[in-house]
1. If you add up the charges near Asn377, with Lys and Arg at +1 and Asp and Glu at -1, over every other residue whose beta carbon is less than 12 angstrom from its beta carbon, what do you get?
2. Taking the Cα atoms only, what angle lies between the long axis of helix 158-173 and the longest principal axis of the chain, rounded to 10 degrees?
3. Give a quick list of GluC sites (Glu not before Pro) in segment 575-650 that DSSP marks as loop, anything other than H, G, I, E or B, with at most 16 other Cβ atoms within 10 Å.
4. DSSP loop (so not H, G, I, E, B), at most 14 other Cβ within 10 Å: list which chymotrypsin sites (Phe, Trp or Tyr not before Pro) in segment 580-683 pass both filters.
5. Over the chain, calculate the relative contact order: mean separation of alpha carbon pairs under 8 Å at least 6 apart, over the residue count, as a percent.
6. Around Asp428, under 12 Å between beta carbons, what's the net of Lys plus Arg minus Asp minus Glu among the other residues?
7. So if each residue of separation counts as 0.36 nm, and I subtract the Cα-Cα distance between Val434 and Asp412, what length gain in nm does that give?
8. Net charge around Thr590, counting only other residues with Cβ within less than 14 Å of its Cβ (Lys, Arg = +1; Asp, Glu = -1)?
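The values are calculated or read from the model by the stated rules, or taken from the named source; none is laboratory data. It should be emphasised that the depicted structure is a prediction, and the values quoted were computed from it without experimental measurement. No Cβ is skipped: glycine too gets one built from the backbone with ideal geometry, and neighbour counts run over all protein chains shown. In case anyone asks, the SASA skips ligands and DNA or RNA and just uses the protein heavy atoms, side chains included. Shrake-Rupley method; radii C 1.70, N 1.55, O 1.52, S 1.80 Å.
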Amino acid sequence: ARCWSNIPFITMPLSRAHGKSFAHRSELKHAKRIVVKLGSAVVTRGDECGLALGRLASIVEQVSMLQNQGREMMIVTSGAVAFGKQRLRHEILLSQSVRQALHSGQSQLKDMAIPVLEARACAAAGQSGLMALYEAMFTQYSICAAQILVTNLDFHDEQKRRNLNGTLHELLRMNIVPIINTNDAVVPPPEPNSDLQGVNVISVKDNDSLAARLAVEMKTDLLIVLSDVEGLFDSPPGSDDAKLIDIFYPGDQQSVTFGTKSRVGMGGMEAKVKAALWALQGGTSVVIANGTHPKISGHVITDIVEGKKVGTFFSEVKPAGPTVEQQGEMARAGGRTLAALQPEQRAEIIYRLADLLTDQREEILLANKKDLEEAENKGRLALPLLKRLSLSTSKLNSLAIGLRQIAASSQDSVGRVIRRTRIAKDLDLEQVTVPIGVLLVIFESRPDCLPQVSALAIASGNGLLLKGGKEAAHSNQILHHLTQEALSIHGVKDAVQLVNTREEVEDLCRLDKLIDLIIPRGSSQLVRNIQKAAKGIPVMGHSEGICHVYVDTDASVEKVTRIIRDSKCEYPAACNALETLLIHRDLLRTPLFDQIIDMLRVEQVKIHAGPKFASYLTFSPSEVKSLRTEYGDLECCIEVVDSVQEAVEHIHKYGSSHTDVIITENEKTAEFFLQHVDSACVFWNASTRFSDGYRFGLGAEVGISTSRIHARGPVGIEGLLTTKWLLRGDNHVVSDFSEHGSMKYLHESLPLPQRNTN
């Protein structure tokens, strides 16, 4: 038997047959039976006298929500001693004579000595009140709670253990939440300690061990241990180098240094880890997390059950490769080495990658064929996404050409001097371009995105984390392998990492210490989700591509149908495809208008009528549900406007600031449109499809940004760079430039060094 705390543990749990613990966080959502252990630090107030009612109410709400989802919830709680201490202190103060209170004065009354309160007496006074509080809170959610008090002796007697097991199963069957606690009123006296300012409290180890024991005996799927720390750290929390351990594996204890105990109780992380590992051995998954942090305590339990990265997850299954945190650190180190290479060396890597795309064409297309077959068999992708998933020889050739353009144009991207200023004599300042750091690019159904983005990251000296959709897993794997093969020629293989773990996108967006910029490439819903989830990390991109083409009264008949056809039909799934066609009112019922409609019908484009357009028609197409719709298919909206001014206003109201076009032969009207439309790309007599990094001569793009800071429109190498300032002096100090100092500021602009245009 193992004896942690005062509770004996049997090495093999009784009648344990429910299987192994979950291997990954993402599987926690399947947990049916859950134990939530509330440490003393979670339940008690900061003054350690009384309960943290707000926190407790939030925990009850989360437990109730999960219970009402059909799960079986159990709570192992502390708090009786603290609650009892509050009640007994109050009673002692009230029992003082009125005369003593009057004569001592208010200030002395505050300083009145309170006798040391024995822990078991506090527990006896607090148990009923604690349970009444739980009952009142659970009643608000139409849930019944039942109290079970246990002692160490209850685990010595086999019959008592069986009775306890049967009672818990019966309560769960009746949809009642059992609330379990050690019966602190009758337990043997604990060792004295000063956790509660002179009150002897029961060690937190008791409830950690109790929670683990019950979780295993009850064949529980998940044990959530809430304390006052975020989880398990590789060194004591608060130290400079302390890092939260996302996943803890049996055998990792040697790499961990345990710090001090929690604010209340005698337990501590070492006791929790021992209890967690014992539960894990018995087949119960365990997460240790912070239940006191005001920003997360309101959803910490539900977040854990949803599989989000909260606290430390205990797993028996080690991943084959590095964790995403390790990959982020590798990308950071690799990116810095990459940035230190000569420009010719970075270009050589990209040229090599371009060659590999054509040399290994057959292997790439074979992997892509597997992805397409799996997607079609499972029927999980719409036709536009299937088109994006598909690779071809022509696509690979175009990719190789684009990569060679990047290599040729990247010679002086990193370290380019963009400003030189002479601050004072022998004090020169330079502003130079440098990489942003580590980029996280998340993309859906577009394996061709991987080599494009990799080449841009290499050219700009950035480390790169890539997270592709599972629908393109085979294609992404071989393309990443080729990318690393190219990087290996100069020893920077780790600079580009492909995230293959079961990391949720929302969890990746929280790695603000590892990632400097997030670039989403995918559906508008994906982009919106990432923008919402990113905490402290800037997101570059656009959530929608609602592109407009405005046909003016002075439009050329020959140009109109060609530009509209190309904008809508050349690749309707692209973010730069036409979605709304604006027609000047004077063109209705003209031969030009009829030609536009006939062309769209021939191309099998489904037309949706805007409100004004529908009002002109007796029998109109289906009226549009929203003028802010990105169809991504052979569909578009047609709306009528009275002037170029109204077209601009419509674009500003319903557009997404992506790409908008005017078709007209009137230069004055065109210039008005170009100057007044506030979008990333504004064209005159040209297809919306030109909004692309390759077509702009950037070689490729990491995406199209509709942001108003840093980079806008198709983002190539320049958009992946920032700057730093270099100051070269000779024993200069600011005091020399004071009113009575010996030096004066010059602030002279100096000529820039000649750029390499080869």
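1. Numbers: positive: Lys370, Lys378, Arg380; negative: Asp371, Glu373, Glu374, Glu376, Glu471.
The answer is -2.
2. 40 degrees
3. Values: sites: Glu579, Glu603, Glu623, Glu630, Glu635, Glu639, Glu646, Glu649; in loops: Glu603, Glu630.
Counting only loop positions with at most 16 other Cβ atoms within 10 Å, the GluC sites (Glu not before Pro) in segment 575-650 are Glu603.
4. Values: sites: Phe593, Phe613, Tyr616, Phe619, Tyr631, Tyr654, Phe672, Phe673, Phe683; in loops: Tyr616, Phe619, Tyr631.
Here the sparse-neighbourhood loop sites are Tyr616, Phe619.
5. Values: 1502 pairs, mean separation 87.9, N = 758.
It comes to 12 percent, rounded to a whole number.
6. Working: positive: Arg419, Arg420, Arg422, Lys425, Arg728; negative: Asp426, Glu430, Asp730, Glu748.
Surrounding charge for Asp428 is +1.
7. On the way: separation 22, 0.36 × 22 = 7.92 nm, distance 1.09 nm.
Contour length minus Cα-Cα distance gives 6.8 nm.
8. -3
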